[in-house]
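Written below as structure tokens is the structure these notes are about.
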Amino acid sequence: SKSSELSSNNEGYIYNGADWRTNPSLNETYYVPSVILPSKHVHSMMQNKGGENKIAPFLASHMKEFENLHPRIKLVRDLESTGSDSDGNRKAILLDNRICMQTNSKRLVESEPDPGSEICLSAAFPGMSIEAVHELASKSATPGPIFPIAVKYTQQPLQHILSKLLPEEAQPPPTGFEQIGHVVHLNLKAHHVPYKELIGS
């Protein structure tokens, strides 16, 4: 049968070329920690000239899941209004979830009288270097909320999409391609041929 008519019961796979875009597994949501900073310090935290920025290695842009996305995710986020005059003077910066707040450290953060202290920041971000924590504390930073980041399939690279749509026998997906105008030329291997219509769609 044609590849556009193929289907599978395996969770996460869908091979119907007519409706593959509706596959819910293509759109992903990641939960990432954040740090709140006074707005005046945000620009300096996002720069890394000469490798002097101690925070740069811990930004969410270093997450493997966010590599090669187009458009890229916004690292600086507005905070939900609490009615405080200071809301507009603070921003949240998204961090790599590998340094995320641990369950056993959350109680320490909540009980800490000074949320901007190095003790509190170290508890909130146990994977962050001492130098980075010190830098945040010097900028009056405090642990921020966890942000859900939705990544649509339209942002993802072709290979990542195909790795979800193709069955095990068609993995890994084709990688090399040439584009001439609006025409994309893919070099398919033998195990890709049964799914050529899906890949082409």
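Ligands, DNA and RNA left out, the accessible area of the range 115-196 computed with a 1.4 Å probe is 61% carbon and sulfur. Between I146 and S39, the distance separating the two model label sites (each 7 Å from Cα on the Cα→Cβ line) works out to 2.9 nm. FRET efficiency for the D114 to Y30 pair, using the beta carbon distance and R₀ = 25 Å, is estimated at 0.25.
Using a 1.4 angstrom probe on the protein heavy atoms only, line up D19, D78 by accessible area, largest first. Intermediate results must be reported in sequence, preceding the final value.
Values: D19 60, D78 105 Å².
Greatest to least solvent exposure: D78, D19.
Cβ-Cβ distance of H182 and R21, R₀ of 25 Å, FRET efficiency by 1/(1 + (r/R0)^6): the value works out to about 0.85.
The values are calculated or read from the model by the stated rules, or taken from the named source; none is laboratory data. Please read all numbers here as calculations on a predicted model, not as lab measurements. Virtual Cβ from ideal backbone geometry, glycine too; neighbours counted across all protein chains shown. Note: accessible area is taken over every heavy atom of the protein model, side chains too, but ligands, DNA and RNA are not part of it. Shrake-Rupley method; radii C 1.70, N 1.55, O 1.52, S 1.80 Å.
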